[in-house]
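Read-outs throughout are calculated quantities, based only on the coordinates presented, and are distinct from any laboratory measurement. This is a predicted model, so every value here is computed, not measured. Positions of Cβ are backbone-derived with ideal geometry, glycine not excepted, and every protein chain shown enters the neighbour counts.
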Amino acid sequence: MTAADIKTLERRAAEVRLEIVRAMGPEQSHHFGGSLSAADLIVALYFHKMRIRPHEPDWPERDRFVLSKGHSVPALYVCLAQCGYFPASELATLKRFGSTLQGHPDMRRTCGLEANTGSLGMGLSVANGMALAGRARKLSYRVYALLGDGECQEGQVWEAAMTAAHHRIDTLTVLVDRNELQAMGRTEERMGVEPLTAKWESFGWRVWEIDGHDMGSICQALDEATEVKGAPTVIVANTVKGKGVPFMEGRPGFHNAAISREQFQEAVAALEAALAAMGG
């Protein structure tokens with residue numbers, strides 16, 4: 001990748017963060033923190049790595065993405081809209097009654113989604129099944145899954161991790177949004193998951209640990225993961241919950257919260273300023 005390519009993706013991520021907050025709006029509870037921390041990762045997947053055809057969403061060879069931490073779906077909705085799966089105007093209907101854009105992914109409602117998620121811990125099992133189905137059908141697609149670090153406290157995650165390693169599912173890449181916070185506080189205080197990279201390695205996975213807001217590092221890790229044969233891969237991405245909005249950053253209270261109109265205006269102003277600083 002060139003420096004210009006990375007800059008383009010960084011600007012895209014800044015635009016996505018702004019649209020996430022605009023779609024959520026004030027005075028209604030939303031998962032601001034994890035949506036903002038995951039934005040760079042999802043942008044890198046959809047605008048750098050994954051083979052997709054928004055005009056042909058059921059293309060058999062498309063790469064699959066499972067958002068296991070389903071509460072962060074606003075970030076995914078914005079990326080899907082920017083890819084052209086549905087009109088960007090629909091983002092304004094987020095979580096409204098009857099909207100196609102609900103608070104957790106529903107593949108029956110929303111074009112571009114591959115799985116219903118929200119009950120934490122199950123997404124990796126779903127991704128395993130997709131990858132094994134591709135192998136059985138002799139298709140070349142890859143499968144990506146995004147997990148939260150608090151989600152890695154779930155036992156089913158580690159059962160699925162053993163399964164993927166046992167079957168040598170090398171078309172599977174997991175990303176872990178390691179923002180160190182969950183709904184009730186710091187992840188390590190609620191139930192520690194460290195040493196996280198060593199755990200994945202001990203389960204037979206090839207592991208990268210990166211800065212989850214460094215677009216060059218994210219794309220490089222995704223590219224290198226596709227070259228691994230005979231084992232699944234995981235990228236542990238160190239991120240900041242609420243990234244881009246100063247009063248939200250690193251604060252568990254914005255895991256799922258409503259913000260006032262004044263806070264909304266402050267958040268939008270901060271994200272607009274960050275975008276303007278990037279230039280055209």
(message) Given a 10 angstrom Cα cut-off, can you work out which residue in HIS167, HIS71, HIS213 is the most mobile in a GNM of the chain?
(response) HIS167
(request) Give me the net charge of ARG168's neighbourhood, meaning all other residues with Cβ under 12 Å from the Cβ of ARG168; Lys, Arg count +1, Asp, Glu -1. (result) +2
(request) Using amide H atoms built 1.01 Å from N in the peptide plane, name the residues 5+ places from LEU101, or on other chains, whose amide H lies under 5 Å from its own. (result) LYS95
(message) Can you find, among VAL66, ALA39, GLY148, the residue sitting farthest towards the positive end of the charge dipole of region 3-277, where Lys and Arg contribute +1 and Asp and Glu -1 at Cβ?
(response) VAL66
(request) Mind checking which of ALA225, GLY204, THR173 is farthest towards the positive end of region 171-232's charge dipole, using Cβ charges of +1 (Lys, Arg) and -1 (Asp, Glu) about the Cα centre? (result) GLY204
(request) Within 10 Å, count the other beta carbons around each residue, average over each peptide in 226-236, 256-266, 8-18, and list them highest first. (result) 8-18, 226-236, 256-266
(message) Below 15 angstrom from the Cβ of ILE259, what's the summed charge of the other residues (Lys, Arg +1; Asp, Glu -1)?
(response) +2
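Quick check on the chain: of the DSSP beta bridges with both residues there, what percent are antiparallel, nearest 5%?
Working: 3 of 25 bridges.
Of those bridges, close to 10 percent are antiparallel.
Between the DSSP loop rule and a limit of at most 15 other Cβ atoms within 10 Å, which GluC sites (Glu not before Pro) in region 177-218 are left? Each step should come with its number before you reach the end.
Numbers: sites: GLU180, GLU188, GLU189, GLU201, GLU209; in loops: GLU180.
When the GluC sites (Glu not before Pro) of region 177-218 are filtered for loop state and at most 15 Cβ neighbours within 10 Å, nothing remains.
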(message) Net charge around GLY34, counting only other residues with Cβ within less than 9 Å of its Cβ (Lys, Arg = +1; Asp, Glu = -1)?
(response) +1
(request) Starting from the Cα of LYS138, draw a straight line to each of the lysines and keep only those under 17 Å, dropping any in the same chain fewer than 8 residues away. (result) LYS229
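How high is the relative contact order of the chain, in percent, with contacts defined as C-alpha pairs under 8 Å that are six or more residues apart? Each step should come with its number before you reach the end.
On the way: 532 pairs, mean separation 68.2, N = 280.
So the answer I get is 24 percent.
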(request) Report the label-to-label distance for MET278 and SER99 in nanometres (one decimal), using points 7 Å from each Cα along the Cα→Cβ vector. (result) 2.3 nm
(request) Name the residues whose placed amide hydrogens come within less than 5 Å of the amide hydrogen of ARG142, ignoring near sequence neighbours (fewer than 5 apart) on the same chain. (result) ASP63, ARG64
(message) Students often forget the sequence filter, so: which lysines lie under 21 Å Cα-Cα from LYS243 once same-chain residues fewer than 8 apart are removed?
(response) LYS7, LYS69
(request) Can you run the Rg to Rh ratio on region 124-249? Use alpha carbon positions and the Kirkwood inverse-distance Rh. (result) 0.99
(message) Per residue of region 87-104, what does 6.51 cos²θ - 1.76 cosθ + 1.60 with θ = phi - 60° give for ³J(HN,Hα)? Whole Hz please, x for Gly and Pro, Karplus curve as stated.
(response) x, 4, 4, 5, 4, 5, 9, 3, 6, 7, 4, x, 5, 6, 10, 8, x, 9
(request) About the Cα centre of region 3-277, how large is the charge dipole given +1 on each Lys and Arg Cβ and -1 on each Asp and Glu Cβ? Please answer in debye to the nearest 20. (result) 740 debye
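Working from the pairwise distances between different alpha carbons, so that the mean of 1/r is found and then inverted, what is the chain's Kirkwood radius in Å?
For the chain, the Kirkwood estimate is 18.7 Å.
Please give the contour-minus-distance gain from ARG53 to GLU201: 0.36 nm per residue of separation, less the Cα-Cα distance, rounded to one decimal in nm. Let's see the in-between values first.
Values: separation 148, 0.36 × 148 = 53.28 nm, distance 3.35 nm.
49.9 nm is the gain from fully extending ARG53 to GLU201.
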